[in-house]
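All remarks here apply to the structure that follows.
The values are calculated or read from the model by the stated rules, or taken from the named source; none is laboratory data. Remember, predicted model here, so these are calculated numbers, not experimental data. Virtual Cβ from ideal backbone geometry, glycine too; neighbours counted across all protein chains shown.
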Amino acid sequence: MRDRSRLIEADKAAPAPAAILPIRGEGLTLERGNRPILKALDIEIGGRGTLVLMGPNGAGKSMLARVLAGLVMPTAGRVTWAGRPPDRRRAPKLGFVFQRPVHLRRSALANVTYALAVAGVPKSRRIERAEAALARGRIAHLARAPARVLSGGEQQLLAIARALATGPEVLFLDEPTASLDPAATTAIEDLLAEVRTLGVGIVLITHDLGQARRLADEVAFLHRGRLVERTACEQFLARPHSPEAQAFIRGELVL
């Protein structure tokens, strides 16, 4: 609790960027080499609870997340954050965790302080906020360890802690437990459950129906670049509307 209070006090002291929620994608189309990835897709992220993006490989889930986060420009359509186009000043309000985290050749603590520096946090406050973020991620004891020698699960916890350090309104995660063992997966899911209680919205990409059952409030199902359905998790897992989602739930190959 002390570490959390320190992070909250640091957040109060630093000027906060303007809000980014809701995040809206309107008519999002993305092509790569004349291959359609997203097809006139509309979606809104309100930031409440956990939205899980599901669908077969190649459905467009990862690209959709990157487009909404402002990391990839759509071929057509537009993204808005709180009614305005994405901009660098508000970028710290959106955290993004990739399936394979990339860390600098520095300590775990230095990786977080670097992210805070990029976000414009005053130098005098970076160490305190970074330490609080590592404590929240349950890896405070690894603060001085080189980030790149940590285990896969520890590196992913560090990536989440780094994303949370800037005080995001919403956290995007692209299959963060895809290659991890059950213990590491449990640690990350426990952290995400706690993050949700703090009021941070979560957008999680996963193929794991069990993980969706444990974490999701809503499920958005994508197929061939289109948003096929979006509904409450319990309803999706029990009675999906679309034939594609029904086949996915049954464990069949969805082409």
task = Report yes if some residue within region 206-219 is closer than 18 Å to Phe98 by Cα and β-branched (Val, Ile, Thr); otherwise report no.
result = yes
All-but-one check, Ala143 against (1) of a type in the set (A, V, I, L, M); (2) more than 29 Å from Ile20 (Cα to Cα); (3) under 21 Å from the mean Cα position of the chain (by Cα), failing number (3)
Of the residues in region 116-134, those that are surrounded by fewer than 21 Cβ atoms within 10 Å (Cβ to Cβ) and either under 28 Å from Ser62 (Cα atoms) or without any contact (Cβ under 8 Å) to a residue 12 or more places away in the chain (or both) come to Ala117, Val118, Ala119, Gly120, Lys123, Ser124
Residue pairs within 6 Å by beta carbon, gap of at least six or interchain, first lying in region 136-152 and in contact (Cβ under 8 Å) with a residue 60 or more places away in the chain, second part of a helix (DSSP H, G or I), listed first then second, are Ala140/Leu134
Selection over region 108-140 where residues are touching a Pro at 6+ places or on another chain (Cβ under 6 Å) and either of a type in the set (Phe, Trp, Tyr) or modelled with pLDDT of 95 or more (or both) yields a count of 0
Q) What do you reckon, is Ala145 surrounded by fewer than 23 Cβ atoms within 10 Å (Cβ to Cβ) and within 30 Å of Leu237 (Cα to Cα)? A) no
Here the residues within region 28-49 that are polar (S, T, N, Q) and in contact with a strand residue (DSSP E or B) (Cβ under 8 Å, 6 or more places away or on another chain) are Thr29
Matching residues in region 148-176 (touching a Leu at 6+ places or on another chain (Cβ under 6 Å) and surrounded by fewer than 17 Cβ atoms within 10 Å (Cβ to Cβ)) number 1
**Request:** Answer yes or no: is there a residue in region 185-208 that is within 22 Å of Leu94 (Cα to Cα), touching a strand residue (DSSP E or B) at 6+ places or on another chain (Cβ under 8 Å) and among the hydroxyl-bearing types (Ser, Thr, Tyr).
**Result:** yes
Scanning region 153-184 residue by residue, those free of Cβ contacts under 8 Å to residues at least 24 places away in the same chain and of a type in the set (S, T, N, Q) turn out to be none
Within the bounds of region 238-251, is there any residue that is in contact (Cβ under 8 Å) with a residue 40 or more places away in the chain and β-branched (Val, Ile, Thr)?
-> yes
Given the conditions (1) buried (at least 21 other Cβ atoms within 10 Å of the Cβ); (2) among the β-branched types (Val, Ile, Thr); (3) without any contact (Cβ under 8 Å) to a residue 24 or more places away in the chain, every one holds for Ile23 apart from (3)
The number of residues in region 177-207 that are polar (S, T, N, Q) and buried (at least 18 other Cβ atoms within 10 Å of the Cβ) is 3
